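Structure record follows, encoded as structure tokens.
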Amino acid sequence: MIQYLLDTNILLAWIRWGSLLQVFLQTTYRLDTIPTVPIISIVSVAELRVLALQNGWGPHKMRMMDSLLTYLIPVPIPYKTILDSYVEIDDFSRRAGVKMGKNDLWIAATAHVETATILTTDKDFDHLPQSLVKHLYIDPASTDTV
């Protein structure tokens, strides 16, 4: 079974588009079947909460966010293996001439340790070999929702 880790942009699209994206993800990646309930980095939880505060999300969006975060399984950072993976991925990226955002580094490190495949709508992980961090780009146009 493939374990998926949802990037923050997937979570934002889920909140924005609700059931349309949820149906696409569940149909395409079987996220609604046990044991493939996706995981998220605790960093994504923080990113969502910051965006909600900065953008003054109303009660409906806040309920959507809370419901989504209740359904998903957040992985905390303080595992030594995640810290070690962060260093390894940051070093690889710098040697490849790519400066990754710190939150993306944490997300990639979490996926690496959890042997999860990142589902994302951006290309921030493209420079990483699949042997280091598995990642799948979802073209937002392909879902007709994002």
Fill in: Under-5 Å amide H pairs with H127, H placed in peptide plane, nonlocal only
none
Fill in: For the chain: relative contact order, % (alpha-carbon pairs under 8 angstrom, 6 or more apart)
31 percent
Worksheet item: Under 5 Å between amide H atoms, partner at least 5 residues away or on a different chain: which partners does I118 have, H built in plane at 1.01 Å?
Response: L5, K134, H135, L136
Worksheet item: Using a simple charge model, +1 on the beta-carbon of Lys and Arg, -1 on the beta-carbon of Asp and Glu, nothing else, what dipole does the range 3-140 show about its Cα centre, in debye to the nearest 20?
Response: 240 debye
Worksheet item: Among the listed pairs K102/K134; K61/K123; K80/K134, which are separated by more than 23 Å between their Cα atoms?
Response: K61/K123
Discussion item. Counting only Cα atoms, I'd like the Rg/Rh figure for the chain, Kirkwood definition for Rh.
Written reply: 0.96
Item to complete: Per residue of the range 102-110, in order, report the coupling 6.51 cos²θ - 1.76 cosθ + 1.60 (Karplus, θ = phi - 60°) as ³J(HN,Hα) in whole Hz, putting x for Gly and Pro.
Response: 4, 5, 5, 4, 5, 5, 5, 4, 5
Worksheet item: Under 19 Å from the 7 Å Cα→Cβ point of A141, by amide nitrogen: which residues of the range 102-133?
Response: 120-124
Worksheet entry | FRET efficiency estimate (nearest 0.05) - Cβ-Cβ, R63 to K123, R0 25 angstrom | 0.20
Worksheet item: Given only helices, namely DSSP H runs of n ≥ 4 each adding -39500 (n - 2.57), what is the per-residue ellipticity at 222 nm of the chain, to the nearest 500 deg cm²/dmol?
Response: -17000 deg cm²/dmol
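Every number in this text was worked out from the coordinates using simple rules, so none of it is lab data. A quick note: this is a predicted structure, and the numbers were derived from the prediction, not measured. Neighbour counts are summed over all protein chains in view; Cβ atoms, including those assigned to glycine, are modelled from backbone coordinates with ideal geometry.
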